[in-house]
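First the structure, then my questions, so here it is.
The values are calculated or read from the model by the stated rules, or taken from the named source; none is laboratory data. Here the structure is a predicted model, which means the values were calculated and not measured. Positions of Cβ are backbone-derived with ideal geometry, glycine not excepted, and every protein chain shown enters the neighbour counts. These area figures cover heavy atoms from the full protein model, side chains too; ligands, DNA and RNA do not enter into them. Shrake-Rupley method; radii C 1.70, N 1.55, O 1.52, S 1.80 Å.
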Amino acid sequence: MKKNSYIGISFIILIFGIIFIPKIVNRIKSTSIVKNDRMSASNPVANEKLSYIKINGAPKKVPEFAFLDQDSILITNHDYKGKVYIVEFFFTSCPTICPKMNKNLVYLQNKLRDYDNFGVASFTINPKFDTPKRLKKYAENYKVTDPDWHFLTGDREDIYELANAGFNIYAAENPDVPGGFEHNGYFALIDQEGYIRSRYDASGNPIIYYRGTIGVKEKVDENGEEEQITILLEDIKKLLNKNE
């Protein structure tokens, strides 16, 4: 390449630097690159909309269910129509995570007293032991006052089908674990139309379910997992206020 060619290329690079580098620096300083290039209006992390959990491209609804509650009243998924509610799977004799989960639900109950359309559906995974009478006593011990918080019992196979296939929340009988049953300590958030909802994580993916075993005061557990009761409360209010 001739000397004149090198001079020409150098001149072009110099002109580019004079014209464009100050503009790039200014954009970085004003954060316009972050706002305009990385986060569009449709980005779920940017607008904080709640996700619909989708199966095969279709929003996932709570399956049909019908169980007796602590007052021996038949409760179905249709009784929650028009309400925002949480689903959990637990058992009253659980010596590990269930007490933590239900204390967190009581915390949410107390924070949402001003809302008539909030509820909880607590399904026992030990229905043989957890009769309506026992569930009634359990609810009283935890100071459950929300009339739309139902502790539900019924056919064992139906409950396990609802947990494992309906919600993909693991539940199983296991004599080798404390209490004889094992399950995930997750809460599912359900909207007024019966759809499973959640917020997105920092990468733009739905978290699907919320950790129910870590309290607000704890902040993190022994494994370094952060509590999600605070964000669950925020998301419940979004749905209750139709700001989903």
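Between a first residue in the range 55-74 that is basic (Lys, Arg) and a second residue that is open to solvent by 40 Å² or more (accessible area, probe 1.4 Å), which pairs have beta carbons less than 6 Å apart while being 6 or more apart in sequence or on different chains?
Lys61/Tyr195
Out of Ile196, Ile214, I need the residue that is hydrophobic (A, V, I, L, M, F, W, C), in contact (Cβ under 8 Å) with a residue 60 or more places away in the chain and assigned to a loop (DSSP other than H, G, I, E, B). Which one?
Ile214
Next question, about the same structure. Would you mind finding the one in Ala188, Ala163, Ala139, Ala172 that is hydrophobic (A, V, I, L, M, F, W, C), free of Cβ contacts under 8 Å to residues at least 60 places away in the same chain and open to solvent by less than 70 Å² (accessible area, probe 1.4 Å)?
The conditions single out Ala172.
Next question, about the same structure. Pairs only if they're at least six apart or on different chains, beta carbon under 7 angstrom, first in the range 225-244 and touching a residue at least 60 places away in the same chain (Cβ under 8 Å), second open to solvent by 30 Å² or more (accessible area, probe 1.4 Å) and not in a helix (DSSP H, G or I); list them, first residue then second.
Ile229/Val216; Asp235/Arg199; Lys238/Glu244; Leu240/Tyr115; Leu240/Asn117; Glu244/Lys49
For the range 173-211, which positions are within 23 Å of Ile125 (Cα to Cα), hydrophobic (A, V, I, L, M, F, W, C) and touching a strand residue (DSSP E or B) at 6+ places or on another chain (Cβ under 9 Å)?
Within the range 173-211, Phe181, Phe187, Ala188, Leu189, Ile190, Ile196, Ile208 qualify.
Quick test of your reading of the structure: Asp221 fulfils all but one of (1) over 16 Å from Asn102 (Cβ atoms); (2) modelled with pLDDT of 95 or more; (3) open to solvent by 20 Å² or more (accessible area, probe 1.4 Å). Name the failing condition by number.
(2)
Among the listed residues Ile208, Ile236, which satisfies the condition of being surrounded by 18 or more Cβ atoms within 10 Å (Cβ to Cβ), of a type in the set (Val, Ile, Thr) and part of a helix (DSSP H, G or I)?
None of the others qualify; the one that does is Ile236.
Give the residue, chosen from Leu239, Leu162, Leu189, Leu233, that is over 26 Å from Tyr115 (Cα atoms) and under 18 Å from the mean Cα position of the chain (by Cα).
Within the list Leu239, Leu162, Leu189, Leu233, the selection yields Leu162.
Could I ask something else about it? Any residue at all in the range 108-117 that's exposed (fewer than 10 other Cβ atoms within 10 Å of the Cβ) and modelled with pLDDT under 95?
no
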